[in-house]
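Trainee: Dropping the structure in here first, questions after.
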Amino acid sequence: MSSDAKIRLDNVEKTYHGSSVSAVDKLSLDVYEGEILVLVGPSGCGKSTTLRLINRMIEPTGGRIFLDGEDVTTVDPDRLRRRIGYVIQQIGLFPHQTIAQNIATVPKMLKWDKNRIAARADELLTMVGLDPDQYRDRYPKELSGGQAQRVGVARALGADPEIMLMDEPFGAIDPITRERLQNEFLRLQAELRKTIVFVTHDIDEAIKMGDRIAILGERSQIRQCDTPERILAFPVDEFVDDFIGAGSTIKGLNFEQVGGLRLNGHPHITVDDPPSTGIKVLRASDQEWLLILDDERRPLRWMRERDLNRSSGSYLDEGEEVRIRLHSDDTLFHALEQMLQSSSGLCCVVDEKGALAGVVEMTHLRKAIRRAQVEARRHYEDLEAN
Amino acid sequence: MSVASEPRTAPTVPEEDGVPPGPATAVAGEGLLALWRRWSLGLWLAPVGIAALAGVLFVYYRSLKTEDAGFQQSSALQWGTKLWPQTVQHLQIAFWSTLIVVVIAVPLGVLLTRPAFRQVGPYIVTVANSGQALPAYGLLVLFLGLLGQGASTAIWALAFYALLPVLRNTMVGLDNVDRAVIEAGRGMGMTRWRVLTRIELPLAVPVILAGIRVAMILNIGMATLAFLIGGGGLGVTINSGLKLQQDSVLIVGGVLVAIVALTFDWVGAVAERYLRPRGL
């Protein structure tokens with residue numbers, strides 16, 4: 001047992017009164033400082049119950065809960081909860097209080113002075129992207145769903161808790177707004193480094209939001225708990241495989257960057273070379289497409305042999321224009337998307353100056369996927385061996 | 001990803017999802033009807049009607065030639081010694097019984113919606129129900145047997161009679177508070193007491209007030225029966241009119257009760273409008 005876990009659940013159990021089957025069965029889980037741990041699983045698996053055990057909205061019937069190494073299983077639950085931010089899907093803003101009053105809920109209970117509370121409310125509104133002058137004195141019914149959940153997040157951050165619990169916070173929000181809120185929240189989290197437990201039933205949201213993901217089966221049993229990359233590359237059993245569903249390989253490409261690929265040279269000529277040189281270069285290689293670069297080695301066009309034959313030498317009309325250029329920090333998912341849109345099935349990578357750094361081919365992606373799978377499998381084999 | 005020219009059809013994201021227009025724009029758009037609602041002109045029309053009714057009664061009262069009438073009639077219609085004291089007494093009965101109802105029914109309603117007492121709620125409501133199911137006359141007589149004659153007996157009997165609307169509305173008002181709001185409050189570390197006083201009760205105020213208004217009107221109406229057990233009130237005048245077959249006495253008594261009831265109903269409506277928490 002390492003002691004650096006921010007939140008530790010140690011064999012936590014919940015059995016409801018009059019029920020012979022436990023809702024949460026001997027769950028042990030460590031959440032580390034500054035990470036987002038996502039609890040994900042089919043509905044009814046007990047993920048929300050598990051979350052609510054942490055702030056003791058539901059009292060565990062067995063096991064211990066530690067925050068910062070301190071046993072909080074028996075402390076006053078109301079005081080405990082003031083240390084933990086809590087965001088729920090239904091948001092639950094107090095309709096008879098203004099936005100500023102809503103945000104002030106926890107600071108007020110902690111008896112902050114008035115000026116500090118007002119300043120904090122303004123700071124938080126700005127943080128979640130709402131203009132304080134415009135929204136401070138509004139009532140919740142005047143907000144759209146997306147705005148209301150921004151306020152919900154601001155309210156949970158009210159007294160700057162180190163831990164946040166979020167129960168499907170973006171679940172009831174339309175897809176476009178949801179994606180924006182997710183992105184903004186991730187940006188905020190990069191700054192704040194809170195320790196967050198996040199519940200969702202949506203595996204894609206889990207992959208997007210989670211530093212680690214715990215996939216829960218019935219009675220909150222952890223089937224696999226790992227980084228999204230590893231889970232996608234190596235689902236440990238059929239349950240996990242079923243749950244992450246089709247397309248896990250493609251989703252996994254989101255976690256690899258173009259810069260991580262070992263790219264080999266691709267046949268190319270510059271605009272100053274005549275088409276005949278191009279044909280020669282192309283025939284010497286095993287490639288179908290030739291890349292035309294400008295004077296500063298920036299990729300301009302893709303050309304096949306027959307395009308070159310037709311070309312007048314200006315290289316402006318034939319072949320296909322290179323429209324998208326990837327950088328080394330773009331993901332392989334982006335690369336794949338671009339390759340599928342290009343008739344060459346290839347994608348150019350450039351350096352900061354825009355000069356050609358390499359060309360991504362389908363085999364590169366295949367190799368990258370293979371490598372991730374092998375690494376993940378080896379990781380689990382090592383775990384088992386120890 | 002550097003984009004030379006953008007071939008992808010990236011969905012253009014709307015700036016921010018729509019905000020309902022503020023109240024200022026509503027008036028201009030919808031004209032008179034909106035104006036009517038916004039300023040609750042209906043609420044301010046009621047006192048005009050009540051004043052008109054009082055005016056008609058006044059003219060009628062002055063036109064009665066009490067000098068020519070028999071002793072009994074003129075005696076029953078004397079303002080200073082009969083009508084005014086009876087009105088005051090009538091209001092006192094209604095006021096105290098309503099106050100007792102509020103003091104008993106609201107805390108009881110709160111208690112019966114707490115988890116520990118939720119199960120006994122239906123039984124208590126049944127008892128309160130029986131108060132209203134009994135004929136008012138019977139209830140008065142029952143209390144007469146228990147407490148003896150007088151206005152205070154009438155007050156307690158009426159309080160029992162009007163308990164139900166306030167109790168039921170308190171329970172319904174508290175039950176109707178969005179569970180998510182309570183969950184959010186508890187989840188942030190608000191104690192049960194704080195959630196009750198800061199969240200649940202304020203949000204239930206409109207419903208509870210509606211119940212109190214009903215109880216008050218019931219009490220003003222039922223106070224006309226207080227004379228049966230020696231409680232006084234305007235029922236005395238109405239009864240005299242009936243017994244003596246003097247229509248003018250009957251009319252004056254009846255209309256006075258109506259004016260009192262309408263006035264307090266209006267007060268209740270004003271209270272409901274202005275005591276309702278903002279933001280609802």
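Nothing in this text is a laboratory measurement; each read-out follows from the coordinates by a stated rule. The shown structure was predicted, so the numbers you read here are calculated from the model rather than taken from an experiment. Reconstructed Cβ throughout: ideal geometry from the backbone, glycine too, with neighbour counts over all protein chains shown.
Trainee: I'd like the FRET efficiency for residue A:250 and residue B:176, computed as 1/(1 + (r/R0)^6) with the beta carbon distance as r and R0 of 60 Å, rounded to 0.05.
Mentor: The pair residue A:250/residue B:176 has a calculated efficiency of 0.80.
Trainee: Order by neighbour count: A:28, A:43, B:97, A:311, fewest other Cβ atoms within 10 Å first, most last.
Mentor: The fewest-first ordering by Cβ neighbours comes to A:43, A:28, A:311, B:97.
Trainee: Does anything in region A:229-253 have its amide N under 15 Å from the 7 Å Cα→Cβ label point of residue A:211, and if so which residues?
Mentor: Inside the label zone: A:229.
Trainee: Return A:26, A:353, A:6 ranked ascending by Cβ neighbour count within 10 Å, so the fewest neighbours appear first.
Mentor: A:353, A:26, A:6
Trainee: Anything in chain B that counts as a DSSP H helix reaching 27 Å or more along its axis (C-alpha) with Kyte-Doolittle mean of at least 1.6? List them, would you?
Mentor: B:201-222
Trainee: Quick one: if the Förster radius is 41 Å, what FRET efficiency do residue A:32 and residue B:111 give, using the C-beta to C-beta distance and rounding to 0.05?
Mentor: Plugging the Cβ-Cβ distance into 1/(1 + (r/R0)^6) gives 0.35.
Trainee: Looking at chain B as a GNM with Cα springs under 10 Å, which of B:265, B:178, B:247 has the largest mean-square fluctuation?
Mentor: The residue with the greatest mean-square fluctuation here is B:178.
Trainee: Sum -39500 (n - 2.57) across every DSSP H segment of at least 4 residues in chain B, then divide by the residue count to get the 222 nm mean residue ellipticity, nearest 500.
Mentor: -22500 deg cm²/dmol
Trainee: For every other residue with a beta carbon closer than 14 angstrom to the beta carbon of residue A:280, add +1 if it is Lys or Arg and -1 if Asp or Glu, then tell me the sum.
Mentor: Computed value for this residue: -1.
Trainee: Would you mind pulling out the separation of the Cα centroids of region A:279-338 and region A:4-45, in Å?
Mentor: Cα centroid to Cα centroid, the span is 53 Å.
Trainee: Relative contact order for chain B using alpha-carbon pairs under 8 Å, separation at least 6, rounded to a whole percent?
Mentor: RCO, chain B: 23 percent.
Trainee: Could you check the spin-label model distance between residue B:247 and residue A:237? Points 7 Å from the Cα along Cα→Cβ, value in nm.
Mentor: About 9.2 nm separates the two model spin labels.
Trainee: With a sphere of radius 11 Å drawn around the Cβ of residue A:224, what net charge do the other residues whose Cβ falls strictly inside it have (Lys, Arg +1; Asp, Glu -1)?
Mentor: Cβ neighbours under 11 Å give a net charge of 0.
Trainee: Return a whole-number percent for the relative contact order of region A:97-207, with Cα pairs under 8 Å and 6 or more residues apart as the contact set.
Mentor: For region A:97-207, the relative contact order is 28 percent.
Trainee: Report, in listed order, any pair from A:280/A:353; A:6/A:47; A:6/A:194; A:47/A:208 with a Cα-Cα distance greater than 21 Å.
Mentor: Violating the 21 Å Cα-Cα cut-off are A:280/A:353.
Trainee: Starting from the Cα gyration tensor of region A:55-186, take the square roots of the eigenvalues, sort them a ≥ b ≥ c, and report rounded, prolate or oblate (rounded when a/c is under 1.5, otherwise prolate if a/b is larger than b/c, else oblate).
Mentor: Oblate, since a/c reaches 1.5 and b/c is not below a/b.
Trainee: For labels at residue A:17 and residue B:274 in the simple 7 Å Cα→Cβ model, what's the distance in nm?
Mentor: Distance between label points: 4.6 nm.
Trainee: Which whole-number percentage describes the relative contact order of region A:159-251, with Cα contacts under 8 Å and a sequence gap of 6 or more?
Mentor: Relative contact order, region A:159-251: 21 percent.
Trainee: Where Lys and Arg each count +1 and Asp and Glu each count -1, what net charge lies around residue A:4 among other residues with Cβ under 11 Å from its Cβ?
Mentor: Surrounding charge for residue A:4 is -1.
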